[in-house]
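First comes the structure, then the notes that go with it.
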Amino acid sequence: MALLEGRVSLVTGASRGIGRAIATALAAEGAHVVLGGRDAARLAEAVEAIRGAGGSAEALSLDVADRASVEGAVGSVLLSRGRIDHLVNNAGITRDNLLLRMKDEEWQQVMATNLTGVFLCTQAALKPMLKQRSGRIVSITSVVGLGGNAGQANYAASKAGIVGFTRSVAREVASRGITANAVAPGFVETDMTAAMTPKAREAVLAAIPMGRVGRAEDVAAAVVFLVSDAAAYVTGQVLAVDGGFHM
């Protein structure tokens with residue numbers, strides 16, 4: 001029997017990068033995965049790939065910063081599957097700028113998606129989890145949220161907020177059989193890091209003890225562990241997947 005057989009997972013921001021890798025890994029372990037996001041074409045491609053590999057998946061239009069969209073998506077999953085076992089809050093954006101040049105909308109857009117989105121999705125998914133008396137919530141933060149980064153005050157603040165939010169939720173729902181944890185990726189090969197200059201990339205590699213940039217699959221493996229029965233006694237934790245960058 002697969003590790004997550006019979007479980008239902010909702011992954012936000014699942015059309016590409018880390019989110020898609022997480023969805024793929026959960027499906028490979030037997031979960032039915034609902035891939036949420038705003039890029040319908042990429043979501044369809046990801047679902048097709050998962051099904052082609054023998055997994056069970058479906059796509060769902062989802063804007064994590066919009067309460068009606070979030071509640072509609074969760075309601076749709078409950079209507080079709082009757083339960084939600086795992087919520088993976090992965091959706092995130094960047095709007096980098098030095099603080100003195102940062103526009104209000106650059107701050108607000110990042111907060112709306114990266115932090116308010118986690119609040120809205122967690123709140124909606126918790127309701128059925130509390131009735132089930134079981135559930136796993138994993139939110140993707142970042143090592144930038146742990147150590148800061150010049151030019152990313154908005155992004156770092158949103159990701160640091162996820163840490164405090166996760167630990168608060170963990171304390172609130174632990175007695176109901178629900179865990180809440182966070183995964184903090186370091187520098188991972190995604191569309192975001194692909195935009196780095198060669199000089200910036202060299203500086204990053206020099207700071208990583210393992211000497212390589214991470215893969216989306218490295219992050220996905222950590223998420224699979226945290227939603228599995230093997231992590232039933234793990235809650236309120238932040239697991240850094242960063243090659244030792246933030247030791």
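Observations
- Taking the criterion of being surrounded by 17 or more Cβ atoms within 10 Å (Cβ to Cβ) and assigned to a loop (DSSP other than H, G, I, E, B), the residues of the stretch 63-91 that qualify are Asp63, Val64, Ala65, Ile84, Asp85, Asn90, Ala91.
- Within the stretch 128-141, being in contact (Cβ under 8 Å) with a residue 12 or more places away in the chain and either assigned to a helix (DSSP H, G or I) or touching a Gly at 6+ places or on another chain (Cβ under 6 Å) (or both) holds for Pro128, Met129, Leu130, Gln132, Arg133, Ser134.
- Just so you know, in the stretch 92-114 the residues that are under 19 Å from Ser69 (Cα atoms) and part of a helix (DSSP H, G or I) include one that is farthest from the chain's Cα centre (by Cα), and it is Gln108.
- Being among the hydroxyl-bearing types (Ser, Thr, Tyr) and within 16 Å of the chain's Cα centre (by Cα) is a condition met by at least one residue of the stretch 115-124.
- In the stretch 169-177, the count of residues that are at pLDDT 95 or above and in contact with a Phe, Trp or Tyr (Cβ under 9 Å, 6 or more places away or on another chain) is zero.
- Listed by position, the helices (runs of 4 or more DSSP H) inside the stretch 142-247 whose residues that are touching a helix residue (DSSP H, G or I) at 6+ places or on another chain (Cβ under 9 Å) and among the small types (Gly, Ala, Ser) number at least 1 are 143-147, 153-173, 216-227.
- Selection count where residues are surrounded by 19 or more Cβ atoms within 10 Å (Cβ to Cβ) and among the small types (Gly, Ala, Ser), scope the stretch 162-180: 2
- Matching residues, the stretch 174-206, being in contact with a Ser or Thr (Cβ under 9 Å, 6 or more places away or on another chain), among the β-branched types (Val, Ile, Thr) and over 18 Å from Ala150 (Cα atoms): Ile178, Thr179, Val183
- Residue within the stretch 147-162 that is within 30 Å of Gly82 (Cβ to Cβ) and either in contact (Cβ under 8 Å) with a residue 24 or more places away in the chain or among the basic types (Lys, Arg) (or both) present: yes
- Unique match (being out of contact with any His (no Cβ under 6 Å at 6 or more places or on another chain), over 18 Å from Val219 (Cβ atoms) and not in a loop (DSSP other than H, G, I, E, B)) among Leu43, Leu35, Leu26: Leu43
- Enumeration of residues in the stretch 123-141 that are of a type outside the set (Lys, Arg) and either on the phi > 0 side of the Ramachandran plot or at pLDDT below 95 (or both): Gly135
The values are calculated or read from the model by the stated rules, or taken from the named source; none is laboratory data. The model shown is predicted, which means the values in this text are computed figures rather than measured ones. Heads up, the Cβs are rebuilt from the backbone with ideal geometry, glycines too, and the neighbour counts pull from every protein chain shown.
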